[in-house]
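Participant: Sending over a structure as C-alpha cells; questions will come in a sec.
The values are calculated or read from the model by the stated rules, or taken from the named source; none is laboratory data. This one's a predicted model, so the numbers in the text were calculated from it and none came from an experiment. FYI the Cβ positions are ideal-geometry reconstructions off the backbone, even for glycines, and counts take in every protein chain you see. We work out accessible area using only protein heavy atoms, side chains counted, and drop any ligands, DNA or RNA first. Shrake-Rupley method; radii C 1.70, N 1.55, O 1.52, S 1.80 Å.
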Amino acid sequence: MKNIAILGSTGSIGTQTLEVISENKNKFKIDLLSANRNYKLLIEQAIKYKPETIIFGDINYKRDLEKGLKNEKINIYYGEKALNNFTEFCNPSLVLTALVGKSGLIPTINAIKNNIDIALANKETLVVAGEIIMNLCEKHNVNIYPVDSEHSAIYQCLVGEKHETIEKIILTASGGPFRNKKLNDLKKITKEEALNHPNWSMGDKITIDSSTLMNKGLEVIEAKFLFNVTIDRIDVVIHPQSIIHSMVEFNDGSIKAQLGEPDMKLPIQYALGFSERIKNNYKRFNFSRNNRLTFEEPCIKTFKNLHLAFEAGKQGGNMPCILNASNEIAVDAFLKEKIAYLDMTKIIEESLNKISYIASPNLDQLIETDLKTRKYSKDKIKNI
Ligand code: MN
C-alpha cells in the first residue's frame with residue numbers, strides 16, 4: 001500500500017489522480033490533500049477519501065471548511081507556510097505535486113529533503129530550479145516520476161536503456177487550437193477561443209500555455225533537467241492527433257515511441273504505480289479506425305514563445321526562471337482580459353532582455369529573480 005499526498009487535489013490533475021486512486025483502493029491510500037480556493041470540493045474529497053490531514057490556502061474560508069468537516073477526524077492547516085512545510089504533518093511514500101506555477105517549488109524541495117518520492121505534475125518547479133531540484137534528488141536518493149504525458153512517454157521509452165545511448169528526445173505537441181493560424185490571425189484571439197483546446201481538458205493556465213506553445217517550451221526545459229540532456233538534443237514536432245505522446249531516438253537510429261489515447265489518467269497511474277504497470281479499462285487506441293498520424297514542424301515565427309523557451313533553456317542560469325515568472329504574470333493578465341493575446345509574448349521577451357542574468361543562481365537568487373520579474377512584468381502590463 002502506497003500512502004499518497006496530493007498537493008493541488010481540486011484541480012484537473014488532482015481530481016483525476018483521485019479517480020485513479022478510487023479505481024485502485026487496494027494499492028493506494030490518501031494521507032494528505034491540499035487545495036487553494038475550492039473548499040466545497042475539498043470538503044467532498046476529504047469526506048470521501050478520509051485523509052489524516054488537509055491544507056487549505058485561504059484562511060478566510062476557515063469557518064465554511066470546518067463546518068463542512070465537523071463530523072470528520074481530520075487535521076486542518078492553512079496558508080502557504082503550512083503548504084510549504086506539509087512534510088511536518090504527514091509522511092507519505094509519494095507526493096503528487098499538481099500545484100499551479102511556481103507555488104510548487106518550496107513544497108517539492110521539502111519533500112525531497114524528507115526523502116519522499118515525487119510524482120511531478122507541476123512542470124514549473126523544474127523550469128524554475130531544475131538544477132537545484134535534480135541535485136537534491138540525487139543527494140537524497142529521491143525519484144521523480146513525471147506525470148506530464150510527454151515526459152511519462154519519454155520515461156517509459158527509457159526504461160531499460162542506458163543514458164549515453166540517447167541521441168535525441170522528440171517531444172510531440174498537439175499544436176493547440178491555433179495550429180493553422182498565422183501571426184496576424186493571433187492579434188484578436190479572445191480568452192474563450194484560447195481556452196478551447198482540441199484534445200486535452202486541463203486547467204486554465206496550462207490551456208493558455210498550450211495555445212501559445214509556451215507549454216511545449218516549458219516542457220523542453222522540463223525534459224532537459226528530468227532526463228539530463230542538453231537543449232540541442234531536444235526536438236519538438238507537431239502531432240495534432242496526440243496519440244504519440246513523445247519519442248526517444250537512440251544512437252543506432254532506433255526510435256521508441258509511447259502511444260495511447262489522450263487521457264491524463266494513464267500517465268498519472270503510471271507515476272503512482274511505478275514500477276508496476278496497473279491493469280485498467282481505459283479506452284484503447286484503434287489503429288484501423290484512426291489510420292492517420294501526421295507530423296509537422298512548429299512555426300516559431302507565429303509561436304514565438306516556443307523560440308523564447310528554447311533560448312532561455314540554452315542560456316540556462318536564471319533565464320528559465322525569468323521566462324516562467326513573466327509567463328505566469330502575462331497569462332494571468334490575459335485571463336483577466338487586461339492584455340491582448342500577443343502582448344503575452346512581448347512581456348516575456350522584454351523580461352528576458354531586462355532582468356539581469358545569473359549563470360549559476362542559488363535558491364535565494366532564483367526566488368529574487370522570480371519576484372523581480374513578476375514586478376517588472378506587472379509594471380509593463382499597467383503601461384500597455
Ligand atoms: Mn504535457
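Participant: Within the range 235-242, is there a residue that is open to solvent by 10 Å² or more (accessible area, probe 1.4 Å) and in a helix (DSSP H, G or I)?
Facilitator: no
Participant: For the range 183-197, indicate whether the set of residues that are within 16 Å of the ligand (Cβ to nearest atom) and either free of Cβ contacts under 8 Å to residues at least 60 places away in the same chain or within 29 Å of D370 (Cα to Cα) (or both) is non-empty.
Facilitator: yes
Yes or no, residue by residue, for (1) closer than 13 Å to P320 by Cα; (2) within 16 Å of the ligand (Cβ to nearest atom):
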| site | (1), (2) |
| --- | --- |
| K102 | yes, no |
| I106 | no, no |
| I118 | no, no |
| T125 | yes, yes |
| I133 | no, no |
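Participant: Same structure, new question: Taking only pairs six or more apart or across chains, which ones have beta-carbon atoms under 6 Å, a first residue in the range 214-226 that is closer than 18 Å to F178 by Cα, and a second residue that is modelled with pLDDT of 95 or more and within 10 Å of the ligand (Cβ to nearest atom)?
Facilitator: N215/D209; K216/A173
Participant: Can you say whether T17 is of a type outside the set (F, W, Y), closer than 24 Å to Y282 by Cα and either at pLDDT 95 or above or in a loop (DSSP other than H, G, I, E, B) (or both), as far as the supplied structure shows?
Facilitator: Criteria met by T17.
Participant: Would you call A223 within 12 Å of the ligand (Cβ to nearest atom) and either of a type in the set (G, A, S) or not assigned by TED's automatic domain parsing to the domain that holds T125 (or both)?
Facilitator: Spelling it out, A223 is indeed within 12 Å of the ligand (Cβ to nearest atom) and either of a type in the set (G, A, S) or not assigned by TED's automatic domain parsing to the domain that holds T125 (or both).
Participant: Please state which one of A340, A359 is open to solvent by 20 Å² or more (accessible area, probe 1.4 Å) and in contact with a Phe, Trp or Tyr (Cβ under 9 Å, 6 or more places away or on another chain).
Facilitator: Just one listed residue meets the conditions, A340.
Participant: Taking the criterion of being in a loop (DSSP other than H, G, I, E, B), under 19 Å from the mean Cα position of the chain (by Cα) and buried (at least 22 other Cβ atoms within 10 Å of the Cβ), would at least one residue in the range 212-226 satisfy it?
Facilitator: Within the range 212-226 (the criterion being in a loop (DSSP other than H, G, I, E, B), under 19 Å from the mean Cα position of the chain (by Cα) and buried (at least 22 other Cβ atoms within 10 Å of the Cβ)), the answer is yes, since at least one residue qualifies.
Participant: Moving on. Provide a single number: the residues in the range 135-165 that are within 19 Å of the chain's Cα centre (by Cα) and within 16 Å of the ligand (Cβ to nearest atom).
Facilitator: Qualifying residue count for the region: 13.
Participant: Is there a residue being buried (at least 21 other Cβ atoms within 10 Å of the Cβ), out of contact with any Cys (no Cβ under 8 Å at 6 or more places or on another chain) and in the same structural domain as D235 (by TED's automatic domain parsing) anywhere in the range 272-280?
Facilitator: yes
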